[in-house]
Every structure is written in C-alpha cells, then in structure tokens.
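First up is the structure itself, then whatever we jot down about it.
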Amino acid sequence: MTDATTPETKTPWGGRFEHAPGEFQRRFGASLPVDSRLYAEDIAGSIAHARMLAQQGIISADDGEAIESGLIGILGDIEAGRFTFETADEDVHMAVEAELTRRIGEAGKRLHTARSRNDQVATDTRLHAKRRALEAIEDVDHLRRTLIRLAEAHADTVMPGYTHLQKAQPVLFAHHMLAYFWMLTRDAARLRAAYAAADALPLGSAALAGTTFPIDRTAVARELDFAAVIPNSLDAVSDRDFLVDITYACALGMVHLSRLAEEPIIWSSDEFGFVTLADDWSTGSSIMPQKKNPDFAELVRGKTGRAVGDLVSLLVTLKGLPLAYNKDMQEDKEPAFDAIDTFEDCLTAMAGMLSTMWVEAQRMRQGSLGGFMAATDLADHLAGRGVPFREAHEIVGKLVLACEREGRTLQQLTAAELAEASPAFGPDAPQWVDIDSVVARRDTPGGTAPGRVAEQLMLAREAFAADEAWLESRCD
Ligand code: ARG
C-alpha cells in the first residue's frame with residue numbers, strides 16, 4: 001500500500017484517501033503544464049482573498065500579512081526565474097498554495113478558507129482573459145495603424161478591384177487597405193465585448209453553493225478590478241462563456257488575417273507583381289535559387305485552421321456539461337490560450353510584413369487598364385442618356401466581346417465605333433472610360449473616389465483614436 005502522506009505523493013484531499021494517485025493518474029489529471037502561466041493571476045486572486053479574509057476577521061491580521069508577503073515573494077521568485085513549478089503539483093493553484101505553505105508554514109494552510117479551486121480557477125481565468133483581451137486589442141491596433149499608414153501613403157494609387165478574382169472595377173489601393181482596417185475594427189470591438197464578458201467576479205462562490213463564512217465579495221471585486229460580482233454561485237463556477245467569446249474573437253480575427261494574408265501571397269506572384277515582400281518577411285528555397293516565398297503570410301493563413309479548431313474544441317468541451325464544475329472544464333485553457341497566442345503572433349507577422357512590403361504602384365495601375373473595367377461606366381453613361389440599363393448593359397457587353405476578339409481595349413474604341421454600337425453614346429463617351437475618371441465617378445458615401453476615401457480615412461482615424469482612448473483608460 002502506498003502511503004498517501006509521504007511528501008512526494010501528498011494530495012490536499014489525502015485525508016479521505018488511503019492510496020495516493022499513481023504516476024500515470026497524476027500526469028493525466030494534471031493541468032500545471034498549461035495553467036502555470038496563470039501564476040500572476042492566481043497570486044493576485046489569492047492576495048485579494050487573503051486581505052478580505054483578514055478584514056472580515058475570518059483569519060488573523062498576522063496570518064493575512066504572512067500570506068500576502070509570502071505570495072509576493074513567490075511572485076518575485078517566479079518572475080526572476082528563481083522558482084519553477086514542481087511537476088508533482090496538479091495545477092497552478094495547488095502549486096502556489098503548497099509553495100506558500102512551505103515558506104510560511106501554518107498560515108499558508110489558512111488561505112484556502114472560504115474558497116475552492118472552482119471559484120479560484122474561474123477567477124484566474126477571467127483575470128487572464130481580461131489581460132489578454134487588452135493585449136490582443138493592442139496588437140490589432142498595431143496592424144490597424146499599419147493599414148492607415150498604407151492608405152495614407154497610397155492615396156492615389158489605382159488598382160484593379162476584383163469579384164470572383166476577376167477584374168471588376170478599379171479602386172484606390174487606400175480603399176482596399178481600409179476595408180481590412182474596418183474588419184479589424186470589428187475584431188477590436190469583439191475583443192472588448194469578450195473583456196466585458198470576463199469582467200465579473202466568481203470568487204466567493206466556493207465550490208458551488210457559496211460559503212458559510214461572512215465574506216465580502218464586493219471588496220474582492222474592487223481589489224481585483226472586476227466591474228461586478230457574479231450573482232449566482234453555480235453560474236459563477238461553471239460559466240466559461242467569456243473564454244468562448246475571446247476565443248471566437250481570435251478565431252474570427254484569424255479568418256480576417258487569413259484573408260489579408262492571401263493578398264501578399266497572390267500579389268507577390270509574378271503574374272500579379274503588385275507588391276515585393278521584404279527579405280526578412282519572405283523565405284527562399286533550398287533547391288530553386290530564384291525563389292522568394294511568402295511563407296509568413298502562408299503560415300498566417302495556415303494557422304487560421306488551428307484557431308478555428310480551438311473554438312470548436314472549446315464549444316464541444318462545454319456542450320452538455322451539467323452544473324456546476326466538471327473536470328472537463330480543465331480542458332478549456334489549452335485551446336483558448338492557443339487561439340489568443342496564435343492571433344497575437346499572426347497580428348505581429350502581418351503588421352511586419354505589410355509595413356515593409358514594397359507597393360508596385362505602376363504595376364497596379366497597369367493592371368487597372370486591362371480587363372474592360374470601365375464597362376460599367378460606359379453602360380452607366382448610356383443609361384444616363386435615357387437607354388434602359390438592361391439595354392445599355394447588352395450594348396456594352398457586345399462592345400467588350402468585339403474588343404476581346406480583336407485584342408483591343410475599351411479606351412481604344414473610336415467615336416465612330418461607339419456611334420455605330422448605339423446612337424445614344426454622347427461626345428463625352430471617351431471620358432467615361434478613362435481609368436482615373438472611373439475611380440473618381442464613384443463619389444458616393446463609402447465609394448472609392450479619392451474624396452470619399454479621404455473622408456473614410458478621417459472616419460478611420462477617429463474610430464482608431466476612440467479605441468485607443470478606451471484602451472488607455474483600461475491600461476493605466
Ligand atoms: N485545474 C482545474 C481546472 O483547470 C482547477 C479546478 C479544479 N477543481 C476541482 N474540483 N477539481 O479546471
């Protein structure tokens with residue numbers, strides 16, 4: 001029989017057990033390798049809890065102080081690399097508590113009064129989610145700033161706009177970049193919503209039903225900067241919606257980044273030649289000397305699968321769980337952490353890549369001349385002169401077909417040819433196919449005309465400044 005009280009095998013529930021867990025069971029049940037990164041949150045939560053216990057007279061002031069200084073010592077040692085977690089501990093909560101008791105003795109054993117690991121882990125994870133949401137917003141904002149700068153630097157660069165990856169209508173490169181800015185603006189908003197979802201205190205719910213001790217949850221919430229106290233102890237220990245929210249924000253953010261990554265991938269191809277990636281944001285080939293590959297962009301695209309998988313994994317873990325805490329929930333952190341880590345790294349990669357790539361403005365402009373991208377305007381010209389749009393569409397469609405057969409562009413059509421196609425073409429018809437005028441004509445709110453894009457850039461700067469102000473108010 002194994003002695004459950006030998007120092008190596010002792011568990012906090014040893015009293016009820018005659019046998020200590022075997023090595024496999026210990027390793028299988030452990031979450032320390034994943035949750036050790038919650039150490040700062042765990043210690044902050046424990047300090048707030050201990051202070052409250054002392055204030056409420058649940059533990060003595062001396063014990064409260066010993067606990068607090070012991071925990072601060074552990075935090076300092078972890079951060080200085082002087083303390084590393086022992087693998088014998090199941091999770092970060094038990095590891096910190098065990099170390100505290102090793103350091104301060106008896107008082108350390110009082111810390112767990114009026115609390116359970118169930119409300120403790122929920123508290124730690126919420127604190128972590130809040131911190132990581134702010135961090136991720138900062139990274140999102142870094143990329144948003146990069147996109148604004150690209151838009152500013154290329155205010156009059158014309159490029160082909162695509163639908164179905166077929167040339168459609170010319171747009172300003174600035175307009176194209178700002179489309180991603182707004183996508184990321186929504187990502188920042190989703191991260192803020194996830195922050196708000198995490199911003200309520202579970203601690204004080206104990207295992208599931210509350211505690212017999214006269215605790216002060218409001219004081220703990222204030223201490224830990226939570227906006228509210230969760231009103232139902234069962235919900236408090238079993239709610240992981242906030243973790244789903246942040247993982248979803250990251251997964252959708254990754255979907256956005258994978259779309260953005262596709263641009264430098266396709267644009268840097270010889271066929272497009274719209275951008276040249278900086279050397280340190282591309283890689284070569286071990287066999288083909290000429291290659292310059294957009295590996296980092298491809299990795300961003302590839303890692304999106306991971307983040308989406310993380311979200312699915314988390315949702316399925318929670319599905320069908322009865323109230324309140326279930327050990328299944330220990331599986332929540334790995335996917336959530338992975339999604340956040342992945343999103344943050346990919347934001348950094350995309351900002352680095354985009355801020356250093358060379359935009360081949362001439363190639364973009366050249367590309368805008370092909371593909372009959374003024375066809376809609378020519379049809380609009382006819383419609384403006386009384387031809388029903390459907391008929392105008394047909395007339396111009398025939399002109400495109402003829403040009404295509406003869407290898408000519410719409411700009412090369414003569415006045416006589418236009419007049420032959422339709423007597424409704426006006427003398428100003430050639431101006432309608434000039435590529436800059438095609439862009440300038442889209443002078444509607446949200447359109448690609450230079451004045452509208454300048455307007456949009458102002459809105460983008462305003463939205464960005466407002467978000468930065470919010471971030472600052474949270475990070476002070
Ligand atoms: N390591 C656990 C987790 O991550 C902490 C809570 C464990 N609580 C329990 N009653 N087993 O979920």
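Quick one: Debye curve from the alpha-carbon atoms of region 1-156 only, equal weights, vacuum; give me log10 I(q)/I(0) at q = 0.10 Å⁻¹ to two decimals. Here the Debye-derived log intensity ratios amount to -0.47. Check cross-link reach from LYS398 to the aspartates and glutamates: straight Cα distance under 18 Å, and skip same-chain residues fewer than eight apart. The qualifying aspartates and glutamates are ASP377, ASP380, GLU406, GLU417, GLU420. Taking Cα atoms only, the orientation of helix 241-267 departs from the longest principal axis of the chain by about 30 degrees. Per residue of the chain, the DSSP helices (runs of n ≥ 4 H) give a summed -39500 (n - 2.57) that works out to -20000 deg cm²/dmol at 222 nm. Straight-line reach from LYS291: taking Cα to Cα under 29 Å and skipping same-chain neighbours fewer than 8 places apart, the lysines in range are LYS167, LYS303. Straight-line reach from LYS327: taking Cα to Cα under 21 Å and skipping same-chain neighbours fewer than 8 places apart, the lysines in range are LYS10, LYS319.
Give the value in nm², to one decimal: projected area of the alpha carbon convex hull of the chain, averaged over all directions.
Details: hull surface 122.4 nm².
That works out to 30.6 nm².
In the chain, the longest principal axis of the Cα atoms and the axis of helix 61-79 are about 50 degrees apart.
Once you list every other residue whose beta carbon is under 12 Å from the beta carbon of ILE47, what net charge do they have if Lys and Arg are +1 and Asp and Glu are -1? Neighbour charge sum, excluding ILE47 itself: -4.
Accessible area per residue for region 1-118 is 53 Å², calculated with a 1.4 Å probe on protein heavy atoms, without ligands, DNA or RNA. Between 0 and 90 degrees, the angle of helix 117-153 with respect to the longest Cα principal axis of the chain falls at about 20 degrees.
The Cα atoms of region 308-376 give a gyration tensor whose axes a ≥ b ≥ c have a/c of 1.5 or more with a/b no greater than b/c, which makes the shape oblate. Residue-wise HN-Hα couplings along region 181-190, as the Karplus relation 6.51 cos²θ - 1.76 cosθ + 1.60 with θ = phi - 60° gives them from phi, are 4, 5, 4, 6, 5, 5, 4, 4, 5, 5 Hz; Gly and Pro carry x. Centre-to-centre separation between the Cα atoms of region 112-153 and those of region 216-266: 8 Å.
Roughly speaking, to the nearest percent, how much of the chain's 1.4 Å accessible area is carbon and sulfur?
55 percent
Computed with a 1.4 Å probe over protein heavy atoms only, the accessible area of LYS327 comes to about 90 Å².
Where does the longest stretch of the chain lie that holds no GluC sites (Glu not before Pro) found in a DSSP loop with 12 or fewer other Cβ atoms within 10 Å? Show your work: numbers first, answer last.
Details: sites that count: GLU8, GLU18, GLU86, GLU271.
The reported range is 272-476.
How many percent of Cα pairs in region 157-259 exceed 22 Å? Across region 157-259, Cα pairs with separations above 22 Å total 53 percent.
Sparse packing (at most 12 other Cβ atoms within 10 Å of the Cβ) combined with a DSSP loop state is found for the following trypsin sites (Lys or Arg not before Pro) in region 228-317: LYS291.
Net charge around ARG442, counting only other residues with Cβ within less than 13 Å of its Cβ (Lys, Arg = +1; Asp, Glu = -1)?
-3
Averaging over all projection directions, the Cα-based convex hull of region 332-476 occupies 14.5 nm² in the image plane.
Per-peptide packing, taken as the mean over residues of other Cβ atoms within 10 Å, places 178-186, 54-62 in the sequence 178-186, 54-62 from highest down. Per residue, region 373-415 exposes 56 Å² of solvent-accessible protein surface, assessed with a 1.4 angstrom probe and all protein chains in place.
The values are calculated or read from the model by the stated rules, or taken from the named source; none is laboratory data. Predicted, not measured: the structure shown is a model, and the values here were computed from it. Neighbour counts are summed over all protein chains in view; Cβ atoms, including those assigned to glycine, are modelled from backbone coordinates with ideal geometry. Heads up: the accessible areas ignore ligands, DNA and RNA and are worked out on the full protein's heavy atoms, side chains in. Shrake-Rupley method; radii C 1.70, N 1.55, O 1.52, S 1.80 Å.
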